[in-house]
1. Tell me the per residue accessible area of the stretch 140-196 using a 1.4 Å probe; a whole number in Å² is fine.
2. Please compute the per residue accessible area over the stretch 30-131 with all protein chains in place, 1.4 Å probe, rounded to a whole number of Å².
3. In debye to the nearest 20, how big a dipole does the chain give about its Cα centre with +1 on each Lys and Arg Cβ and -1 on each Asp and Glu Cβ?
4. Given a cut-off of under 8 Å on Cα pairs at least six residues apart, what relative contact order in percent is computed for the stretch 59-171?
5. Give me the percent of the accessible area of the chain that comes from carbon and sulfur atoms, probe 1.4 Å, all protein chains in place.
6. Taking a ≥ b ≥ c as the square roots of the Cα gyration tensor eigenvalues, with a/c under 1.5 meaning rounded and otherwise prolate when a/b beats b/c, else oblate, which class fits the stretch 7-69?
7. For Cα pairs less than 8 Å apart in space and 6+ apart in sequence, what is the mean separation divided by the residue count of the chain, i.e. the relative contact order in percent?
8. Among all the lysines, which ones have a C-alpha under 22 Å from Lys332's C-alpha, if same-chain residues fewer than 8 places away are not counted?
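The values are calculated or read from the model by the stated rules, or taken from the named source; none is laboratory data. The shown structure was predicted, so the numbers you read here are calculated from the model rather than taken from an experiment. Glycine also receives a Cβ, built like all others from the backbone with ideal geometry; neighbour counts cover every protein chain displayed. Surface areas here come from the heavy atoms of the whole protein model, side chains and all, with no ligands, DNA or RNA. Shrake-Rupley method; radii C 1.70, N 1.55, O 1.52, S 1.80 Å.
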Amino acid sequence: MQRLVKNKDGALPSEFFVAHDLCFAIHDILVEFLKSGEASGIFTTHITFTDKADAVAFKENNDIFHWLEATGRLDDRALVLKTVVLPAVLSDMLHSFYEALECSRKGKLNITYALIRKPIQESLYLLESIVLDEIGFADKLATEPLTLRPRMAGGMNGHSKRIQTVLERIQQTDAFDAEYLAQLRYEKTEDGFDGVCNKAIHLFTEHKAIRTELMNINFVFSGFDAKLTQWRYLYGRLPYILIYAWRVIEYIGASLRPTHPDYTLDMNRRIAAFVTLSAKNTAHITLPLQQFYDIYRTWLWNHCYEHGYATPCEDDMKRMALTGAFPGEDKKNVQKRLATFELRAALSRAAAGSGSKRLVTQSN
C-alpha cells in the first residue's frame, strides 16, 4: 500500500492531511482485497451436484437462481449471491469514495458530500444485511429487493438496534457505538451526514433541521471559512464510518476465505497508527469518538509491547502508518515481511489459475 502524495497539489489545508491519508489507506486496503480476491478466485462459487440427474436438471434450466430455489439449495443461493454482490457493491463504493476524496483535496466539497451519501447509507446497509442474515438477504434480493433499502430499518431506533447486532457479530462493540453510527449516517442533525449531504445535493432544503437560510443557496456561496467547517466535519467523522465499513467487509470476506493473520495484523497496525495520529486534529470529539481513539491507541501500545517493541512516538507512528514498521524495526525486516505478503498473494493467484473457474462443479 503506497501513500497517495497528492495533498500539495490541491486546496486541502495541512491540518487534514493525516485524516485524508487515513481515508485513502482504508480505500487502498479494500481495493487490494477486491483485486486479490478476484485474482485468487474467492468470488467464484462451486456447487456440487448430488448425481447426474441433478447436473442434467441444472443444464436444462436457464435461470440458475430458479434452479437453486426449486431444488431447495438456499444456502448455495445465498453463497452465490454473496460472492456476486460483495465485489460489485464494494467496487461501486470505492469509486464513490475515491472521487469524493479527490474532490475534497481540490476543495470541491459539494461534490464530495454528494458522492458519499449512497455508500455510507445504502451500500453499507446492504452489506450489513449479509452479515445479519445471509439466507434472508438472498431471499429478499430474489423476491423483494425494495426491502433492502435503509428506510425499511424502522427509523433511528431500528438502525441503532440493527447496527448493534452487526457490531456484536463482527466483534467490534468496544470500538464503535451503534447509536452514533446510526446518527452519523442517517440523522439530519448538526452531527450527521444526512443533513449536509442533502444540502450538497439540493439547492434548497426544507426539513427543519437543514432548512436553507434566507438569501442563501446551499453550498453555492461557501467561502473558505465555510469550507474549513465542511472539511473539519468530513475528516472528523468519515474515518470512523470508513473503518467500520472495512470491519464489515473484512468479516464477510473472511467467510469466503480467511486472510492470513500476519497481513491482518500489519493492516491493523497501520490503521491504528493513522487513527492515533489523526486524533489530535479532530474537531469536536464526541464520547463515542474518544472511545474509538482510546481503543485503537491502547491496542497499538499493547501490540508493540507484546512484540517486544517500545511505545511508539509520533515519528514511529508516521513510519508505521506507511509501512507497517514497528518502532525502531530494521528496514530489511520490514521489506522481508512485505515480500512475504506479496509471495503469498502470488501463490494464491497461481493456485486459483490452475483450478476450475466454473460456477458449478459436478461430484464424482
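1. Details: 2920 Å² over 57 residues.
Using a 1.4 Å probe on heavy atoms only, each residue of the stretch 140-196 averages 51 Å².
2. Details: 4390 Å² over 102 residues.
Per-residue value: 43 Å².
3. Numbers: 44 positive and 44 negative charges, 156 e Å.
Using Cβ point charges on Lys, Arg, Asp and Glu, the chain gives about 740 debye.
4. Working: 66 pairs, mean separation 26.5, N = 113.
Worked out over the stretch 59-171, it gives 23 percent.
5. Values: 9740 of 18340 Å².
Answer for the chain: carbon and sulfur cover 53 percent of the accessible area.
6. Values: a/c = 5.95, a/b = 4.15, b/c = 1.43.
Because a/c hits 1.5 or more and a/b exceeds b/c, the stretch 7-69 counts as prolate.
7. Details: 385 pairs, mean separation 87.6, N = 364.
For the chain, the relative contact order is 24 percent.
8. Candidates past the 8-residue exclusion: Lys318.
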